[in-house]
Amino acid sequence: MLVASVIVDVSARAVDRPFFYLVSPELAAGVRVGCAVSVDFANRPAVGYVIDVLEMDEGEIEESICELSKLKPLLGVLSEPYFDRISAQLAAWIAHEYLCTLPDALRLFTPPGGSPKVKRVDGSWELMFSGVGPVDDRWVIPTEAAASFVPAKNAVKQQRLLEALSCGGMRVVELNAILGNISPVITALEKRGVIRIEHRRRIREAMPTITGACSSVSHLTSSQQIALDTICTTLAGESASNVVVVDGITGSGKTEVYLRSIARVLEAGKSAIVLVPEISLTPQTVGRFRSRFGDDVAVLHSRLSIGERFDQWDLVRQGKAHVVVGTRSALFAPVSDLGLVIIDEEHDSSYKQDSSPRYDARAAAYELTRMRGATLVLGSATPSIDTLASCEGGALGERAWQHVMLLERPSGQPLPDVQIVDMAAEFKGGSRSMFSQALVDALLGVHERGEKAVLLLNRRGFASFVLCRECGFVPECPHCSTSLTFHDATGELVCHHCDHVEPMPATCPQCGSPYLRKFGAGTERVEAELRQIVPVDMPIIRMDADTTRKKGSHERLLEEFSSAHGGILLGTQMIAKGLDFPDVTLVGVINADTTLKLPDFRAPERTFQLLEQVSGRAGRAEKPGRVIVQTYWPEHPAIRAAAAHDRELFLETELPVRDELGYPPYVRLVNVLAWGNNDEAVRQAITEVTLAINSSMISAGYEWEVLGPAPCLLSRLRGLYRWHTLIKAPTCADVSAVIEPVLKARKPNAEVRIAVDVDPDNLF
């Protein structure tokens, strides 16, 4: 007798466990691990996912599950398998590690567009299937009879149709566009056997690539060869650890190492997944990978339409694409026989999801590769402190991870010289511009030589805030505890957290003063002032969250910059990493202090990484590069270390501070969040949860540090009040075992939501 173990698709902790259903002989052939199935749950229909299929006799059922008479039958099979047994195990690990429900974790593995759902319609429950799926095109194909068929003289449309088909079949939609409504003619000729209709799967185009970004390399440098050999040895199962950290300076050729590693994997009949942090990186990355592996590459990220994502996901599921390139969710693509996972720019914060399930793609990739016997490669010019700690035997690795370094560029060019400009000294000297004289002169020199420059400002908009000079009033978002940003192009004030928009007032709403001053500088303002400095024929391409909202905007802007003769690429941190343009010789950082002054213990590390990454955009080919960093804090260790390309100098100052204050990699952090419409109710709820966690911790014999509760830095976001409690535990601690019972014991409360962020990337 077959019994299916099913996770019902209901995100409630009270039912967050497998339920067992009898499988009838009629359904037995279709019930497999990973299928979506229809079940009777709490006397109503529901959708679930099969995580196991058991063959048991009646005695076994009574002993291990329940009485046979109490088992309900499975109602139906709704899909082919979305995932396999190992993926189900990974979902269970994610659910435990990041304290989410199993349905939340399993949805990571379902196709784009989602699985079937049960919804209440007009008082009854109905099964609703996703409207996303394969798209077929109707093709008109000439038969052998077409060669001898002669249309009547007055059958003009038949003549024109056969002429159009003289070179082969065409889609019906194309024929209608060329010849008008041709359907009656098609029907008539099909009946006479002159043509036939075929239905062919159409793959919706997912990603244009960036031209000029697909060059191949004939010889590896010695350090590239060592990195490749280390990865290949690991792929062969001959290493103590399955993790290789490729620590290579910017422009050292990490991508070529990735490409050759993947080639080895494909030769062995296996598949590979490549993760990139920014959607903006995918056009170039996909260009390089498709130039090497052609149509064997699938692309998965959020800027594709749901239909495009489904097609790419389905190509992988069918085994027609063996290389998956995408952002963090691509990790869960249904690849067959996984051999290699590569996480490029592994230090990037985008690999941590900020909504349920709040998983870290790096940790999940480690578990995935361990379960499947695959290799994990973490690549970066600026590996995170946590990753460097794991190379010495840190929290994530059971053994010390393998660490290989690329210290030279294939071009032979050294890292660019970095000049630090003290903007306080510039101000004292009489300058009132956001551009130092050194940067202005360098930009003019770039224009004269027909070269390119990259300018980084990690802030978008025209001004960071508006202030009344008479009463001090600052316009704030009515839904978030933050000031509004002025956008000159629209004349509006915008919240960059919830997208609230309101017009810029002519006078102060508080005192009526006309003296409203715009403070700070965003990318929009930098562009406006830049156009007053550089020659009019020098292209300026701005790339930030405002200019990249539309689909295809990343590709269009990067293509524009690539093809321009000279020019400036101005943008936020999305331009700081991964992009490779050989004619960029100058990088300018408008204000290096932006990330440094954030109230976050990782602020110095992120500043160092950002400066080192953006510096690496310069001088990647034959021409030497130059970097100018503008700052009001020139003596800060992160800035001095980045200017000297000296990571050890940075770590010498940063690690003792982390150790003394109790922050990663020396402890493990857990952020318990509460939010709701009523501030007092939220405060009370987080206090109760904090006390319960304290009690659970003491009962388990642990003495972890608990800080809070306290209001979040963004104490109000999108109209909701926010409080949190921070827990510091040993790096090896199973924090979920302590916190999960507290969450399960808490009664559902529609007024206040509670979430737990394990290993949070930010504490805002």
- Item | Residue in segment 723-730 that is part of a loop (DSSP other than H, G, I, E, B) and either in the same structural domain as C480 (by TED's automatic domain parsing) or free of Cβ contacts under 8 Å to residues at least 12 places away in the same chain (or both) present | no
- Task: Taking only segment 122-147 into account, find how many residues are at pLDDT 80 or above, more than 30 Å from L189 (Cα to Cα) and part of a strand (DSSP E or B).
- Result: 3
- Message: Can you tell me which residue is surrounded by the fewest Cβ atoms within 10 Å (Cβ to Cβ) among those in segment 250-286 that are of a type outside the set (A, V, I, L, M) and more than 30 Å from D417 (Cα to Cα)?
- Response: E267
- Subset of segment 709-735, residues small (G, A, S) and more than 25 Å from I698 (Cα to Cα), comes to S715, G719
- Query: Looking only at helices (runs of 4 or more DSSP H) that fall completely inside segment 290-408, which ones have 2 or more residues that are under 16 Å from the mean Cα position of the chain (by Cα) and at pLDDT below 95?
  - Reply: 306-317
- Task: Report, by residue number, each residue of segment 448-458 that is closer than 13 Å to L530 by Cα and not in a strand (DSSP E or B).
- Result: L457
- Item | Out of P634, P582, sole residue that is touching a residue at least 60 places away in the same chain (Cβ under 8 Å) and in a loop (DSSP other than H, G, I, E, B) | P634
- Selected residue (criterion: nearest to G253 (Cα to Cα)) from residues of segment 542-579 that are among the aliphatic types (A, V, I, L, M) and crowded, with 22+ Cβ neighbours inside 10 Å: L579
- Within segment 2-47, which residues are over 33 Å from the mean Cα position of the chain (by Cα) and on the phi > 0 side of the Ramachandran plot? A42, N43
- Task: Give the residue, chosen from R718, R746, that is surrounded by fewer than 20 Cβ atoms within 10 Å (Cβ to Cβ) and in contact with a helix residue (DSSP H, G or I) (Cβ under 8 Å, 6 or more places away or on another chain).
- Result: R746
- Query: On the given criteria, is T690 under 23 Å from E97 (Cβ atoms) and modelled with pLDDT under 95?
  - Reply: no
- Message: Take H496 and tell me if it is crowded, with 16+ Cβ neighbours inside 10 Å, farther than 23 Å from A528 by Cα and either more than 32 Å from the chain's Cα centre (by Cα) or not basic (K, R) (or both).
- Response: no
- Is it the case that L99 is among the aliphatic types (A, V, I, L, M), more than 27 Å from the chain's Cα centre (by Cα) and either surrounded by 15 or more Cβ atoms within 10 Å (Cβ to Cβ) or part of a helix (DSSP H, G or I) (or both)? no
- So which residues in segment 1-30 are part of a loop (DSSP other than H, G, I, E, B) and within 20 Å of R107 (Cβ to Cβ), if there are any at all? D9, V10, S11, A12, D16, R17, P18
- Given segment 463-570, what strands (runs of 3 or more DSSP E) lie entirely inside it while holding 1 or more residues that are in contact (Cβ under 8 Å) with a residue 40 or more places away in the chain? 465-468, 485-487, 516-519, 540-543
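The values are calculated or read from the model by the stated rules, or taken from the named source; none is laboratory data. As the structure is a computational prediction, the values presented were derived from the model and not from experiment. Here Cβ is always computed from backbone atoms with ideal geometry, including for glycine, and neighbour counts include all displayed protein chains.
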